[in-house]
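Derivation of every value follows stated rules applied to the coordinates shown; laboratory data play no part. What you see is a predicted model; the values in this text were computed from it and never measured. Cβ: placed from backbone, ideal geometry, glycine included. Neighbour counts: every protein chain shown.
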Amino acid sequence: MVLTTKEFREDFSKTFEGLYAFDLSEASPIQYYTALGNYLKVYSADNWSHTNQAYLEHQVKQVYYFSMEFLPGRMLKSNLLNLGILDTVRDGLREMGLDFEVIARAEVDPALGNGGLGRLASCFMDSIASLGIPGNGNGIRYRYGLFQQKFVDGYQVELPENWLRDGNVWEVRKENKAVMVRFGGQAILSEDPDGRLKPIYSQTQNILAVPYDTGMIGYQNEVVNNLRLWSAEIPPEEEIHYHTIADREKVNQITEVLYPDDSNYEGQILRLRQEYFFTSAGVQSIVRYYKQMVLTWQHFPDKVAIHINDTHPALCIPELMRILLDEEGLSWEQAWEITQKTMSYTNHTILQEAMEKWPVRMVQELVPRIYQIIEEINQRHIDKKLPLYTPELTYRTTIIADGNVKMAHLAIIGSHSVNGVAKLHTEILMHEVLRDFYQMYPAKFNNKTNGITQRRWLHLANEGLTKLIDNKIGTAWKTNPSELKLFKSFANNEDTLAQLAEIKLENKKQFAAYAEKEMGIELDPTALFDVQIKRLHAYKRQLLNALHILDRYLKIKDDPDLDIQPRVFIFGAKAAPSYVYAKQIIKLINTIADMVNNDPAIGNKIKVVFVENYGVSLAELIIPAAEVSEQISLAGKEASGTSNMKLMLNGALTVATLDGANVEIRDFVGEDNIFLFGLNDQEVYAFYENGTYHSRDIYDSNPRLQRVLNTFIDGTIPGIETEGRVIFDSLVQYNDEYFVLKDFESYVEVQEKVDQLYQDPMAWNQKSLLNIASSGPFSADFTIKRYAEEIWKTDSQLPAIQQYIH
Ligand code: 9GP
């Protein structure tokens, strides 16, 4: 049944009046948006319940994707697109004299994640639903998301991100599905009448976990899956025990904020509390659902796949063990077999500091029964492996070591599958970082290169380009992204290339309008737009980008008439609040921006724009306008990256080290259509091994670089005495951990090549087109197909769901 604009207008007006009881013409954008959201919830309600019904009736296997972070972005447009009514609603609103874009912008972009990891989880939710795979997200409903970033005098300042201020129209509170999560106290094991050891709990703190469900709407396929986010509450029957505000606060705190500052004990224990809270609640609700199917426990892994996204949800493993052992009375062997078959784990980083470990004392204190189970898993692991491997190797793989619980070890031992997120990353895991485990469990290891949803990152974000592609190759790429390669046949078509350029220019103008309005920076849209958008971290080397800008700056200062390709350098990044060095880099880049943007000798030859509060919505504005994609991490450090894929899909040319998924981008697009530079991972490892890297020597022997670096400390860049000195020392005195100086020369060289190519618009546009046409393999649809087939063993249920409708 096709919705007409007339029907839409009538239903929407009714929804609006039902909600607000006043004249539609007097409303604010947020009210229109809320009414539209409510309208859509009703519009899609049948699909949501039919999907649930189909899954339960057919007793299909479902995947539960446990993630501490989700970054869904604004959902209004994507829900409309996926429901197939975007144009109708837009037209209907226009007929009512309302501006859809203004209404869409009223939606808050929930910042329930830090970066790539959380956004990946949301791309996966879109693909899982769009492929008709029975899948659920499981996470935390933080009352405050990742801080709102402001720049004050160039410094990052963090403000609370109150994303729920106006309510959240997409969620449904389900108190009937609440579960209890137990913390602290004691768990004393004692024999029950059947002779089994069971814990007797005393003095525990019981917290009510209340789920808020959000429909994950599949792309025009009538599927609506579920994202379940848990909120912590005082159980009504225990209100009496919470006398003081401080006591009540302790409960609220659990789901108060994403990544509370964990630089102190209180912060750390809170984070661990969050981890157990949402894993316990999620696993309990899965078990409860499973029990409706009246199957024996042995079938559990045939119906349930639990995916552990990074180590944060690794407590799923002892929690499922706890339930099977203590509540369902299974033997250890039975419970362990079921648990291992059910769990799978993705590693997203090789950085040691990001490898979670928790002090034993903390785990014992917070979740005593879970700790007992972890201890036993650990002991059994040792007992089983000691006869097979050397004691050194065996003890390197233990879960408990040096007074800590190592979450990655727990996740690997308790799962049947361990995957990395790009080919190179998986290789590094197998042969370097996790090589002991790879030796023990070679069959567990596999690669699943990340992916992105082309529906949000091309169709919605770049409507101009979408129209062009639709015209040239049809629309099938939206569900079968490999079709994008058909676009290659237009690589020599001058007319298509000219249209491509025009679309890019239009997108650049839109970003320029934003920069002018929000930041007062005037940009020339015909300049080359060069983009680096990702979390701020030393290994991602935003500093290298800054050095390149300064090198250009000095060149122009030396020769103001220099004929150089004008560039706009765009940055978007948040630094973790306690990561001082990253914040100093933000201050540095902001100060460079001020200096360069206001220097009449520089004019439009260089502009630097560091957007405030980078997030999904800003990415949707920046990416379509990008011409150069900066993927310049030190080789071997970036697990995958996903902005590299989004930027390529939108026609940016990649400047890259051979790191993360850049390697596969190179393979698909071909070496002629990417700008590679710098050390490769083997060379980096060789330097580590030989200890032969001396950044000071590079500084001493390269006058050009020396001059650039000296600007940090010689007053050239005003007002960065402290930051400039720290950064200078980190690079020159303390041996430049991420080889910025080593890669500088080849980086600026490759940037010169970028400039040269840009002088030939047809050649540039051709490469841009080839990038777009080669980006199909990076669709999350393919990634998810591989997860579903090879790890989760879940099948698409499209026919079963659609039979309810037809
Ligand atoms: O740093 C990785 C990034 O390379 C990857 O693209 C993303 C999604 O797999 O995960 C990031 N890792 C984390 O955020 C923390 O492990």
Below 12 Å, Cα to Cα, which aspartates and glutamates can Lys583 reach? Residues fewer than 8 away in the same chain don't count. Glu158, Glu723
Which ³J(HN,Hα) values, rounded to whole Hz and listed in residue order, are derived for segment 611-624 from phi using the Karplus coefficients 6.51, -1.76 and 1.60 in 6.51 cos²θ - 1.76 cosθ + 1.60 with θ = phi - 60°, glycine and proline given as x? 6, 7, 6, 4, x, 4, 5, 5, 4, 5, 8, 6, 4, x
Taking amide H positions as placed in the peptide plane 1.01 Å from N, state which residues far from Lys198 in sequence (5 or more) or on other chains have amide H under 5 Å from it. Ser190, Glu191, Asp192
Search the structure for amide H atoms under 5 Å from the amide H of Val223, placed 1.01 Å from N in the peptide plane, and list their residues when 5 or more places away or on another chain. Gly218
Quick check on the chain: of the DSSP beta bridges with both residues there, what percent are antiparallel, nearest 5%? 45 percent
Checked against a 23 Å limit on the C-alpha separation, the offending pairs among Lys174/Lys357; Lys77/Lys478; Lys77/Lys174; Lys485/Lys607; Lys423/Lys587; Lys557/Lys607 are Lys174/Lys357; Lys77/Lys174; Lys485/Lys607; Lys423/Lys587
Listed by chain and number, the residues whose amide H is under 5 Å from that of Tyr64, excluding neighbours fewer than 5 places away on the same chain and using placed H, are Asn136, Ala305, Ile306, His307
All-pairs Cα distance distribution in segment 454-778, expressed in whole percent, bin size 10 Å: 6, 27, 35, 23, 8, 1
Using θ = phi - 60° and Karplus 6.51 cos²θ - 1.76 cosθ + 1.60, couplings along segment 398-404 (whole Hz; Gly, Pro as x): 5, 7, 9, 7, 6, x, 10
May I have the extent of the alpha carbons of segment 750-806 along their three principal axes, as whole Å values ordered from largest to smallest? 57, 30, 11
Using a Förster distance of 35 angstrom, determine the FRET efficiency expected from the C-beta separation of Arg196 and Glu233, and round it to 0.05. 0.60
Thr692, Thr4, Thr449 arranged by Cβ crowding within 10 Å, fewest neighbours leading: Thr692, Thr4, Thr449
Tell me the trypsin sites (Lys or Arg not before Pro) within segment 115-189 that lie in a loop according to DSSP and have at most 12 other beta-carbon atoms within 10 Å. Arg165
Using the structure shown, list the pairs from Lys467/Lys488; Lys384/Lys444; Lys574/Lys742 with a Cα-Cα distance above 22 Å, or answer none. Lys574/Lys742
Under the Karplus curve 6.51 cos²θ - 1.76 cosθ + 1.60, θ = phi - 60°, whole-Hz ³J(HN,Hα) for segment 330-340, x wherever Gly or Pro sits: 6, 6, 4, 4, 4, 4, 5, 4, 5, 4, 4
Taking K and R as +1 and D and E as -1, what net charge do the other residues with C-beta under 14 Å from the C-beta of Tyr20 add up to? -3
Against the empirical 2.2 N^0.38 Å scaling, what ratio does the C-alpha Rg of segment 624-743 come to? 1.22
If N is the number of residues in the chain, what value comes out of its Cα radius of gyration divided by 2.2 N^0.38 Å? 0.97
